[in-house]
Amino acid sequence: MKSHPQTTAIAILTIALSATVAGSGQDPGGDILPMARFYAGSLVKVGDFPGTLICLRCDLKPGPEAKARCEKEGHRHALAMETDGMIHPLLPAREVVLTQLNSGDLHGKRVSVHGNYYPTTGVIFVDRVSLEK
């Protein structure tokens, strides 16, 4: 039988909350359901994510200070996705991806990012990046 960490976590959380509430004599109302939904949601989505490669520092707050800081420390890469209207921070999974992102060749261009997307944080753990054609 396979182990399901999400199901196990929900069961433990439910038992702990039930025991706490039962011991306190309080009615939990609707407090348990939102928490259970949060922990029961998909933790990771793997796939290709199209968007525009931007910098959280110099593209969102342009100016000479931000530009100088990016030149000194490197960009804070993110993917602006039109499909969900969100900006997702990117974390390179491999050194080659970090080198590719830091080269500057892809900055401001339409790309496809392949990796693991974590909906609870919005972060994409990037395995590879390619220009969209």
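Derivation of every value follows stated rules applied to the coordinates shown; laboratory data play no part. Here the structure is a predicted model, which is why all the values come from computation and not from measurement. Cβ sites come from the backbone with ideal geometry, for glycine too, and all protein chains shown count toward neighbours.
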For the Lys61, Lys109 Cβ pair and Förster radius 25 Å, calculated FRET efficiency rounded to 0.05 is 0.80
For segment 45-131 the mean separation of alpha carbon contacts under 8 Å (6+ apart) over residue count, i.e. relative contact order in percent, is 36
In nm, the gap between the two label points placed 7 Å beyond Cα toward Cβ at Val123 and Arg69 is 1.9
